[in-house]
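Bear in mind these aren't lab numbers, they're just calculated from the coordinates by the rules spelled out. Note that the structure is a prediction, hence the values are computed from the model and not measured. Because the Cβ atoms are built from the backbone with ideal geometry, glycine has one as well, and the counts that use them run over all protein chains shown.
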Amino acid sequence: MRSLLKFVLIITYVIISSINNIHAQEVENERTKPLLDPTSLRVDNYRDKELPDTPAANLLTAWLKAHNTANRDSLGIFVKIHYSEKLLVKTDFGKHVDFYSEATKMYGKLRAKPFRIEKNEKHSIIAWFLKEGLDLREASKPENVVVVEVDVDTEDTNSLRRGIGMAALICNLREESRQ
């Protein structure tokens, strides 16, 4: 009886140790897993994409032109023209212009055409832009890719439903890895 109990305890210990080792390896694999599928930023994926002829893409183009001027006045004109009345009532005009001005300083100029269109609908688009003037080695780093999201008001397709969403790809990847 005593030897059977000893045998059961040894087997239990071996099983628990194996489970702990498997779990530790899974945790390590998850911790060291790249934040991005390496094939999505391969050099041969860097081909400019044409933006579609949709209200969302047209507003994205207008924003990109204002963004690339790096001029506070141009950004203010964009907000005045493309923020719906509903949106202007809910937001502080100056804070939005400040936000876009800071984004211009932070990200710098972006290439005129995206290299990836993640979402493409009539009233919504998400596009990935490379910072202008980088060689492909530098451009392939997620911090040099800016993801821009535009949602157009369905009743007034010349107006935004909400402010432009933008972030460096590295921020999006970190957020996804936390989920």
*Global form of the range 39-178, assessed from the alpha-carbon gyration tensor, a/c cut-off 1.5*: prolate
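Report the net charge of residues surrounding Thr91, where surrounding means a beta-carbon distance below 13 angstrom and charges are Lys +1, Arg +1, Asp -1, Glu -1.
Net charge around Thr91: +3.
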*Count the net charge of all other residues whose Cβ sits under 14 Å from the Cβ of Val152, scoring Lys and Arg as +1 and Asp and Glu as -1.*
-2
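Could you list, in their original order, any pairs among Lys80/Lys105; Lys86/Lys109; Lys49/Lys122 whose Cα atoms are separated by more than 23 Å?
Numbers: Lys80/Lys105 21 Å; Lys86/Lys109 30 Å; Lys49/Lys122 17 Å.
Flagged as over cut-off: Lys86/Lys109.
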